1. Less than 12 Å Cβ to Cβ from Leu210, Lys/Arg counted +1 and Asp/Glu -1: what total charge do the surrounding residues give?
2. Report the residues of the range 103-145 in range of a label on Glu44: point 7 Å along Cα→C-beta, backbone N strictly under 17 Å from it.
3. Quick one: putting +1 on the C-beta of Lys and Arg, -1 on the C-beta of Asp and Glu, what dipole do you get for the range 9-175 around its Cα centre, in Debye to the nearest 20?
4. Can you compute the charge dipole magnitude of the range 71-110 about its Cα centre, using +1 on each Lys and Arg Cβ and -1 on each Asp and Glu Cβ, nothing else charged? Give it in debye, rounded to the nearest 20.
5. Quick one: if you stick a label point 7 Å off each Cα along the C-beta vector at Ser90 and Leu129, how many nm between them?
6. Just want the answer: with Cβ charges of +1 for Lys and Arg and -1 for Asp and Glu, which residue in Gly80, Ala63, Thr101 is farthest toward the dipole's positive end in the range 9-112?
7. Under a cut-off of 28 Å between alpha-carbon atoms, report the lysines in cross-link reach of Lys190, not counting same-chain residues fewer than 8 places apart.
Amino acid sequence: MTSDGPVDPTINDAFRRMSALIYAGADSGSIHQSLVDCAAHLVEGCNRASLLLRTRDRFVTAASTDEIARRIDQIELEVGEGPCVDAIVSEAYQHDADLTTASTPWPRFTQRILAETPVRSAIGYRLLLEGDKVGALNLFSDTPGGLTSKSADTGAVIASFASVALMAIRAREEAATLRHGLQSNREIGKAVGLLMAAHHISGEEAFELLRSTSQELNMKLAKLASQIIEGQESQFGHAEGTAPTSISAGGAGSAG
């Protein structure tokens, strides 16, 4: 960054609104969209923006202000060069204030952009998540020289916030996965206990019965466990001593 001056209070206000959105439990798509909308609104000279994120082994546009910004991301991935691609692999943000000059570091990208879009200035910021390169925040201007060094400084602040937002999204998703896993494990444990009591078998035998039945029925283990528990609850009180499940100790029957 080229300036150490105070952050614009408008940016702080935008961050407060986006933070509220994150911690209110908004879905990731809404948060991604808010990031690019905020960038286009707050960065001087920025007409459009996009958020390029890695999904498994490929990069996809998670959000964009419009189809032009989304198309630019696609062009970069097609030609394998550009400010966003370079930002992901390098240490610093990539800034070309005027793509119409002959000194552009991305000739194939620039040729396509000038021919197919109105964009004439671009900045790409790498986004890191726990040390991993997860994507880039990309800013575009339709005016040659439209994205200045001041624009770059403001964009860097927003990119830093974007990394924090992505970290919050990941933490929330991991917590949800953990809760789901714990619930599944509880249900599996309870189903194993019911099978042990019903068939007078060991825990290991009960789990193997549950596992083999889930394979024969092509049903997830947790789903089968849930059905066994539901079957026991539906029978409770109707007939004392009724088996809690239709899985037989000698093999798989229908899960109910």
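No lab work stands behind these numbers, since they all come straight from the coordinates. Here the structure is a predicted model, which means the values were calculated and not measured. Ideal geometry is used to build each Cβ from the backbone, glycine not excepted, and the neighbour counts take in all protein chains shown.
1. Numbers: positive: Lys190, Arg211, Lys220, Lys223; negative: Glu187, Glu204, Glu205, Glu208, Glu216.
So the environment of Leu210 carries a net charge of -1.
2. What the label zone holds, given the 17 Å backbone N cut-off, is 121-123, 140-145.
3. Numbers: 16 positive and 22 negative charges, 32 e Å.
So the dipole magnitude of the range 9-175 works out to roughly 160 debye.
4. Values: 2 positive and 8 negative charges, 22 e Å.
That gives a dipole near 100 debye.
5. Result: 2.4 nm between the two label points.
6. Of the candidates, Ala63 comes out farthest on the positive side.
7. Within the straight-line cut-off, Lys190 pairs with Lys220, Lys223.
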